[in-house]
Each structure stands twice: as structure tokens, then as C-alpha cells.
Amino acid sequence: MRNTRRIMKNLFQSLNCLMPKSGQVVPLTVLFLLVLLGLVGLGLTIGSVFFAQQKLQAAVDAAALAGAQEMTTMDINAPNDQANLIIQDDPQAVNPMIVTQSNPPYTVVASAEAKVPGSFAALFGYKTFTIRAKAVATYGPGPAFDYAVFQGDSNLTDPPLTIHGANIIQTAFGQTSAANVHSNNGLVLRGATIVQGACSASSNVVVDGVGGCSGGTSSFVSQIPMPLWSAQVLTNGATQVIGSPSNPTGLTFNGATQFSGNWVVYGNVNIDGAIVGPSSIVAIGGSITIHGAASFGTDINGLGVCLAALPPVSSPNVSENITIRGAHNIIGILYAPTGTISLSGADIVQGAVIGYQVDLGGAGIVQYDPTQVATIPYRQVALIQ
């Protein structure tokens, strides 16, 4: 018992020696708070630099991709013009630069830098931090593309690819490839829509009606890159050019008109009446709207595209749409990489429908002809560094 008491007494004496004496608590508390504030400040500084770096890199990546996509346009300054996108996406960026390279072909190098306030680090002399970002993108051959109807919008909160009414998606006469349909977000079939091929989507595939897909349905599949075709590639050398990037005059057809050749139009294209045209029309910086009983065929050079609405070079993300109402016969591809393709009526498209968003209604028919798609080189842009 005595030994136990002695041990306990010695233990309490030892602990008492370790406890701070009167007057030591305040300095230790202040020191602890200073260390804690320092760690918090360091964390905030590192976080601000990290997020600024991520934002700058995203802006440079987007500019490199846009520049690479413009490498084959008819505007030789188009790739370099995309340097402005860096400032648009990150106002803090300075010294934006885009340099084109020929090895590998159609390659763009984008770079920029930015100053990030040092915040807490300024106490130690670091008033700002300089961050830099670089991206290399190239425009080149893409994988095989084999879809009758394709929606490239990958934002799952945007409207799904919708086919409603009594539409038929089928294989063109004399062809053997299935008329497949794909959406990079959702896919909805309503009414008596019949797809003579497989239906796939990167979200849900919903069949609501008496129609269906003969090749089955597949939900939550991998997204597929949007085909990227420049105006120069699409027109195969324009025979008619209306307007210019600085003067988008557009084009309007009314009444009974016949025309041919490859047309590039800067601005909106409006067609109303009985139009017959063995040609292609590419609208740059404008939408295409067609009413009446127009008939279009592929141009005299055998180009696969029929109608395309492309964004202006200076604003590659602007939506340009193709809207068709009435009874039309179209041989070729409908292409709107940043906008919506909307068909309602008794339209017949022998080729393919490829848009950022697609809405097919009425009693239309899409007759998938892979030979039309094959006439246009499928290209895509990709970051390689």
C-alpha cells in the first residue's frame, strides 16, 4: 500500500513539472494561433494558385482545339484569331499566343500566362505568382463514323435527341449498312417512329410509343466525337461565295429558283418556295431556314454534304441552326455542329442528319446512305500535349 502511494505521489509530481507555470499559457496560445493562421493562409494561397492554373489551362486547351479546327478554313488568319478565346475564357490571362506548325500537319500550339496574388505569401515577399499554361492540338483523321442520325451534345442536362411522330430511319435503297442512331446525352423515341438499326445514347434510351429500334437499344454508352468538317472541306472548293466574315450579307431565295454548284454564304440563308438545287450550301455565321417544297441534291462534284450551318470563325461556339418545314427532298448530309437541326413535315433525307442537337418530327424519312458520308473526310481535333 505504501509503495502504491509513493508511486502515485511521484507520478503527480512528474505531471506537475510538465504543466506550464503561471504566465506561460498566453505565449503558447499566441504561438499556436500564429502557426494555425499560417497554415490556413498557406492553404488558401496554394488553393488560389491551383484553381487559377486549372482555369488558365482550360482556356488554353479550348483555344488550341479551336485553332486546330480552323487550320483548314479559307481564312488563313483563323487559327491565330483563336488566341482571343484565351482572354474570353480567362480575363486574367496575359500574353496569349497561338503558333501553327506543319509537323505534324494542322497542329496548333497555344500558350498564355497569368499573375496570381500571393495573398498570405505576400508577408514573406511573394506578392504574386506567375503561372503558365501550354496546349498542343492537331486536326486529323478520326475514327469511322456510321450513323444515320447523330446528336453530339454531351451535356446531360440539355434536351435529348428526340424523334417523334411517324418518322422512319432506314437504310437507303441498295445499301447494306444499318441506319444507326446515337446521342451523346439522352435519346427519346415517341409515336410510331421506326429505326432500322441500333439506338444508343450516353444517357437513357426511352421508347415511348409503338415504334422501336430493330437493332436494339443501348444506354450509358461511351460518347462519340462530333465529326468536324471545315467549310473548305465541305464545299470542296466553292464555286459561289456570298458575303464575307466582315460583311455577312446572307442569302434569300423566294419563288421558283434553280441553282447549282458549291455555295458558301456568310450570314443567314432563307429559302421559301419551289427551289431545285443540285448543289451544297454552307452557311458560315448564320442559320439555314427552309420552307415550301424545296428539293436539293448533292452538287455536281459529287460532294456528300447538302446543307451545313457553321459558326463564325471568331466565335466558334455560337449556335447556328438548320430548320426545315414542309415537304422536301434532300440528297446528302445535314450538318450543324454547334446548333440544332429541326425537321418537321414530310421531309426525305437521303444521307445523314448530324447536329449538336437534333429534333425530328412529322412524317419524315431519313434514308441512311453511307456512301454520302464516305465522300467527306471525317476529321476531329484532339489535344496531343
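FYI, it's all coordinate maths here, none of it is from the lab. Only a predicted model underlies this, so the values are computations on that prediction, with no experimental measurement involved. When we count neighbours, we look across all protein chains shown, and the Cβ atoms used for this are built from the backbone with ideal geometry, even at glycine.
Within the straight-line cut-off of under 12 Å between alpha carbons, the aspartates and glutamates reachable from Lys55 are Asp89, Asp90, Glu113, sequence neighbours fewer than 8 places apart in one chain being disregarded.
Extension gain, Thr249 to Ser218, is 6.7 nm, computed as 0.36 nm per intervening residue step minus the present C-alpha separation. Suppose R0 equals 56 Å. What FRET efficiency, 1/(1 + (r/R0)^6) with r the Cβ-Cβ distance, do Ala192 and Met97 give to the nearest 0.05? The formula returns an efficiency of 0.50 here.
Find out how many positive minus negative residues lie around Leu189, taking Lys and Arg as positive, Asp and Glu as negative, among other residues whose Cβ is under 14 Å from that of Leu189. Display every interim value, and only then the final one.
Numbers: positive: Arg190; negative: Asp208, Asp359.
Around Leu189, the charge tally is -1.
Expected output is a single nm value to one decimal: the length gained when fully extending between Val318 and Asn270, i.e. 0.36 nm times separation in residues minus the C-alpha distance. What is it? Write down the numbers at each step before the final one.
Values: separation 48, 0.36 × 48 = 17.28 nm, distance 1.86 nm.
Fully extending the segment from Val318 to Asn270 adds 15.4 nm.
For the pair Val210 and Thr176, the difference between a 0.36 nm per residue extended length and the Cα-Cα distance amounts to 9.7 nm. The packing ranking of peptides 204-210, 145-151, highest mean first, is 145-151, 204-210, where packing means the average number of other beta carbon atoms within 10 angstrom of each residue.
Measuring nothing but alpha carbons in segment 93-206 and taking Rh as the Kirkwood radius, the Rg to Rh ratio lands at 1.28.
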